[in-house]
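The values are calculated or read from the model by the stated rules, or taken from the named source; none is laboratory data. A quick note: this is a predicted structure, and the numbers were derived from the prediction, not measured. Here the Cβ positions follow ideal geometry from the backbone for every residue, glycine too, while neighbour counts run over all protein chains shown. These area figures cover heavy atoms from the full protein model, side chains too; ligands, DNA and RNA do not enter into them. Shrake-Rupley method; radii C 1.70, N 1.55, O 1.52, S 1.80 Å.
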Amino acid sequence: MEKLEQLYEGKAKKVFKTDDPQLLIVDYKDDATAFNGLKKGSIAGKGVINNQMSNRLMAKLEKQGVPTHFVQELSERETLVKKVSIVPLEVIIRNISAGSFAKRYGVEEGIVFDAPTIEFSYKNDELGDPLLNSYHALALKLATPQEIEIIKDYSFKVNDFLKAFWAECGVILVDFKLEFGRLADGTIVLADEISPDTCRLWDAKTHEKLDKDRFRRDLGGVEDAYAEIMKRLLDHDAQ
Ligand code: ADP
Ligand code: UDP
């Protein structure tokens, strides 16, 4: 499958057409941004890790009954995916307080919730991805009631699976962001990526951060953290 015209260049990936109108190629970059593009940088090797990690996790999720856009890994940085029309909602699931949750509600990071939380934000860079609830999403016609139910159901399934998977790797899944899309026939599938860019992942013993917070907060050791989390996954899968 060959890359044709570039459709889009985002902050972390480029998206290309292919000769099949139903399929796209995504190409993962090392570019990193935070705080809605205000902080810019590069994380050497990130594109390779995010591509390979996302593909492995999506393949596992397919087996758990969560449909995804993943089709085939083409190279270190490139993957063939099903073309979707992205539902403009960022779905965030949290197991432990961190980041904007801790800030918004004035609590410390690291509070373990009795049950996971779900929140949506409107995927709109100009507006800074504002938080909204499902009623707002319906009012704005971002998705139908049925789609929102499916998205919630899949998101919690993803959490149940990934939480248990990362625990087996000695890693705590703190929170993460998902994006969903519609195939040509309207079927909702998980799209975009699942990577250390989009998840908070803490070492289970030391609570060391093994994700993009090292970049956001200038903690150093960013490349090493990405390499370490990928190694945990590969070691797990090799067992
Ligand atoms: P951003 O747009 O936030 O800068 P990226 O750099 O990751 O993000 O760009 C990838 C873009 O491709 C995102 O807008 C994402 O929603 C979109 N996308 C992800 N998967 C698919 C897919 N299967 N079909 C169409 N678009 C997709
Ligand atoms: N997240 C993301 N993209 C976004 C916003 C958040 O991938 O545009 C992820 C982030 O990596 C974290 C989770 O979603 O794992 C929750 O992020 P939070 O709302 O705490 O926001 P942040 O601290 O990133 O501003």
- Have a look at Leu190, Leu201, Leu233, Leu219 and point out the one that is more than 19 Å from the chain's Cα centre (by Cα) and among the aliphatic types (A, V, I, L, M). Leu219
- All positions within region 172-189 that are out of contact with any Gly (no Cβ under 8 Å at 6 or more places or on another chain) and either farther than 23 Å from Glu108 by Cα or more than 13 Å from ligand 2 (Cβ to nearest atom) (or both): Leu178, Glu179, Phe180, Gly181, Arg182, Leu183, Ala184, Asp185, Gly186, Thr187
- Message: Looking at Lys60 and the list (1) assigned to a loop (DSSP other than H, G, I, E, B); (2) surrounded by fewer than 19 Cβ atoms within 10 Å (Cβ to Cβ); (3) modelled with pLDDT of 95 or more, which single condition is not satisfied?
- Response: (1)
- Message: Being in contact with a helix residue (DSSP H, G or I) (Cβ under 7 Å, 6 or more places away or on another chain), of a type in the set (A, V, I, L, M, F, W, C) and under 25 Å from Arg77 (Cα atoms) narrows it down to one residue among Leu233, Leu183; which is it?
- Response: Leu233
- Of Lys14, Lys3, the only residue that is closer than 14 Å to Arg77 by Cβ and within 10 Å of ligand 1 (Cβ to nearest atom) is Lys14
- Query: Restricting region 16-34 to residues that are more than 16 Å from the chain's Cα centre (by Cα) and under 27 Å from Leu234 (Cα atoms), which is least open to solvent (accessible area, probe 1.4 Å)?
  - Reply: Ile25
- Message: From the list Gly65, Gly37, exactly one residue is at positive phi, of a type in the set (Gly, Ala, Ser), exposed (fewer than 13 other Cβ atoms within 10 Å of the Cβ) and at pLDDT below 95. Which is it?
- Response: Gly37
